[in-house]
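Take a look at the structure set out below.
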């Protein structure tokens with residue numbers, strides 16, 4: 001493969017990596033322009049350790065809640081699956097999410113589920129699509145709250161009219177998206193209209209909608225229908241989705257509290273939602289760089305010093321990423337052993 005072909009194939013990856021590195025360089029340059037980075041390190045010595053420990057505990061609880069939510073959607077179709085065994089492939093896939101864009105690690109966990117736990121790919125994919133949609137709706141709701149409550153406090157009056165316009169667009173967009181995702185007739189009709197419009201500009205794009213998006217949407221609606229029928233299960237999935245977001249937001253809030261800053265839950269949720277949407281749009285793994293800058297700017301806009309804002313972001317990023325990669329590394333060791341043992345057992349049975 002020549003250099004030009006290599007660059008063409010990997011240009012998207014180069015762009016994402018460059019974006020993440022550039023954002024991190026800006027973040028640390030911003031922190032060091034007045035020796036703030038040294039102050040950030042020293043501020044940890046004055047922090048309330050108990051709050052940092054509690055913030056870490058809530059990260060772990062959130063991780064387990066995400067895993068259990070995935071598990072309970074697979075269990076009805078895979079009676080042999082236990083939560084303990086399911087956690088291994090989930091943790092490995094969760095670790096990949098830190099290294100690749102677009103939550104690619106969760107796609108990896110689908111393949112791992114298939115190969116090590118005999119979970120059909122379609123079932124894992126339907127479950128993944130379902131709670132990704134639920135998460136998106138929750139983030140959009142927090143995003144609307146951000147425009148209604150938090151952002152007006154950090155922007156001056158000259159931004160009032162544009163802010164209202166964006167707020168109503170976000171609100172209407174969230175409502176429309178909710179109808180599309182939770183009412184199959186509306187969703188399928190919208191897809192047909194989108195396909196006709198796209199066909200006027202690009203036949204290839206219309207074909208992609210018909211061949212790729214339509215089957216995925218049908219799978220999602222089937223999964224949604226099965227979930228709604230099981231009322232207790234649907235309530236539990238919704239509860240766990242809200243619960244895991246609450247844990248992550250409170251973890252962020254407690255991290256700030258450890259450095260003597262107390263913000264409201266609504267403000268913490270708004271900052272998390274805006275940051276999450278920036279991460280989604282920029283495709284950067286784990287939001288490293290772009291999410292970092294977004295959080296820093298929003299915290300500073302709430303009159304929080306760059307020193308404390310930086311200390312909080314560094315703690316959340318380092319500990320959160322470290323937790324993700326650690327559980328993935330440990331789980332991969334046991335996952336390989338499990339796979340090897342099963343293979344050896346099959347070989348022994350065939351020999352006998």
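Figures for the structure shown
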| read-out | value |
| --- | --- |
| Count - residues of the range 108-135 that are under 20 Å from residue 226 (Cα atoms) and assigned to a helix (DSSP H, G or I) | 16 |
| Among (1) out of contact with any helix residue (DSSP H, G or I) (no Cβ under 6 Å at 6 or more places or on another chain); (2) modelled with pLDDT of 90 or more - the single one residue 61 does not satisfy | (1) |
| Conditions (1) surrounded by 13 or more Cβ atoms within 10 Å (Cβ to Cβ); (2) over 29 Å from residue 62 (Cβ atoms); (3) modelled with pLDDT of 70 or more: number failed by residue 163 | (3) |
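The values are calculated or read from the model by the stated rules, or taken from the named source; none is laboratory data. Keep in mind that what you see is a predicted model, and the values were worked out from it rather than measured. Counting neighbours? That spans all protein chains shown, and the Cβs are built from the backbone with ideal geometry, glycine included.
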